[in-house]
Amino acid sequence: MSFMGLPGKLVKSLEQQSLTNMMRKGHNCPMSIFPESPDGNFKEFVYDQFSRLGKAFASPQRLVILNILCQGEHTVEALALHAELSFANVSRHLQVLKAANLVSVRRNGKYLCYNLADRQALEFFIALRGFALNRYPEIRKVLEDVAKAPSRIDQIGMNDLFMKINDEKVYIIDVRPHEEYCESHLPGAVSMPLAAINEHLEKLPADREIVVYCRGQFCILADQALAVLREKGFTARRMNEGLIDWKLAGFPVQ
C-alpha cells in the first residue's frame, strides 16, 4: 500500500489507520506501509500506541473507576454512585478506558455493565499502584499517618485471618457495596454495607472476633465501620488488605 504524493499529515494519518486496521484483523504489518521512513515511522507509531495507556491512567477519576472495577462488574449508574461522579462524567472516562482496552462492556437490558478487560488489566493496575507507592514518599507519608488512626493500629494480616477462618473463630464483615460482595467475597463473610451497618448490630455475635474489610488500604469504608462498631461496644479489627489482594495472594474466595 502506498500513499506517495499525498500531503504529509494525511499520509501519517492514513498510515496509522492502515496499520491499526491490519493489527485488529490479525494481519502482519509489513514495513512497506511506511514508504517514506520505515524505521522512523514504525517507531513513532508503536510508541504512540504505548502512550495510549499513559493517557488512560492520567486521570485520578479514571483510577478511582478502575479501582472500583477491580471488585467486579458495575453498571455506569453504580460507578457514578460509588465514585461520586456524574453519570456523564463517568461515561466519558469509561470511553477512554475502553479505547485503551482496559475495560470490557456488555449490555444487560437497558444497562451497560463494565468490567476490567481481563486479569492482565487487573495485575497491571495493582502493579502501577505498587510502583507509585514505592516511588512517591508523599504517598508513604500519608499511609504512615493513616496507620496511626485507632482503626488501623490493631490490624489482622491475611495469613492470620485465613487460619482463623479455618478454625471458625472469626466473624467477617464485608462493608463494600452489596453488589461487590455478590461478585466475590472472603469465605464466610457477611455483607454489611456501611450505610446499613446500624441495622445489623443485633446480629453480631458476642463470642467471636469481628474482622472488617473493604477494598484495601486506600479505602476508608472499613475505618468508618470500625468507628461505628466500637462506639456500640463491639471489639473489632480491620484487615488492611482488600479482596483483590486476598485473591492475588492465592487465598480462596466465595
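The values are calculated or read from the model by the stated rules, or taken from the named source; none is laboratory data. If you're wondering where the values come from, they're calculated on a predicted model, not measured in any experiment. So basically every Cβ, Gly included, is an ideal-geometry build from the backbone, and we count neighbours across all protein chains shown.
Here are the numbers for the structure shown:
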read-out: Test for ASN166: is it surrounded by fewer than 18 Cβ atoms within 10 Å (Cβ to Cβ), polar (S, T, N, Q) and at pLDDT 90 or above; value: no
read-out: Qualifying residue in the stretch 71-81 (condition: more than 30 Å from GLN254 (Cβ to Cβ) and among the hydrophobic types (A, V, I, L, M, F, W, C)); value: no
read-out: Matching residues in the stretch 154-185 - criterion: being under 18 Å from ILE197 (Cα atoms) and not aliphatic (A, V, I, L, M); value: TYR171, ASP174, ARG176, PRO177, HIS178, GLU179, GLU180, TYR181, CYS182, HIS185
read-out: Within the stretch 80-95, considering residues that are within 15 Å of the chain's Cα centre (by Cα) and modelled with pLDDT of 95 or more, the one surrounded by the most Cβ atoms within 10 Å (Cβ to Cβ); value: VAL90
read-out: Lone unmet requirement of (1) free of Cβ contacts under 8 Å to residues at least 60 places away in the same chain; (2) of a type outside the set (S, T, N, Q); (3) in the same structural domain as LEU243 (by TED's automatic domain parsing); (4) at positive phi for GLY109; value: (3)
read-out: Flag if ARG176 is of a type in the set (Lys, Arg) and crowded, with 19+ Cβ neighbours inside 10 Å; value: yes
read-out: Residues of the stretch 147-180 that turn out to be free of Cβ contacts under 8 Å to residues at least 24 places away in the same chain and part of a helix (DSSP H, G or I), as a count; value: 7
read-out: Qualifying positions in the stretch 185-223 - of a type outside the set (Gly, Ala, Ser) and either under 17 Å from the mean Cα position of the chain (by Cα) or on the phi > 0 side of the Ramachandran plot (or both); value: HIS185, TYR213, CYS214, ARG215, GLN217, PHE218, CYS219, ILE220, LEU221
read-out: Boolean, ILE139 is surrounded by 13 or more Cβ atoms within 10 Å (Cβ to Cβ) and either assigned by TED's automatic domain parsing to the domain that holds ARG238 or small (Gly, Ala, Ser) (or both); value: no
read-out: Counted residues, the stretch 220-244 - those being touching a strand residue (DSSP E or B) at 6+ places or on another chain (Cβ under 9 Å) and either of a type outside the set (S, T, N, Q) or closer than 29 Å to GLU73 by Cβ (or both); value: 16
read-out: The stretch 213-254: number of residues that are in a helix (DSSP H, G or I), without any contact (Cβ under 8 Å) to a residue 60 or more places away in the chain and within 17 Å of TYR171 (Cα to Cα); value: 3
read-out: Residue within the stretch 215-222 that is modelled with pLDDT under 90, loosely packed, with under 13 Cβ neighbours inside 10 Å and in the same structural domain as PHE234 (by TED's automatic domain parsing) present; value: no
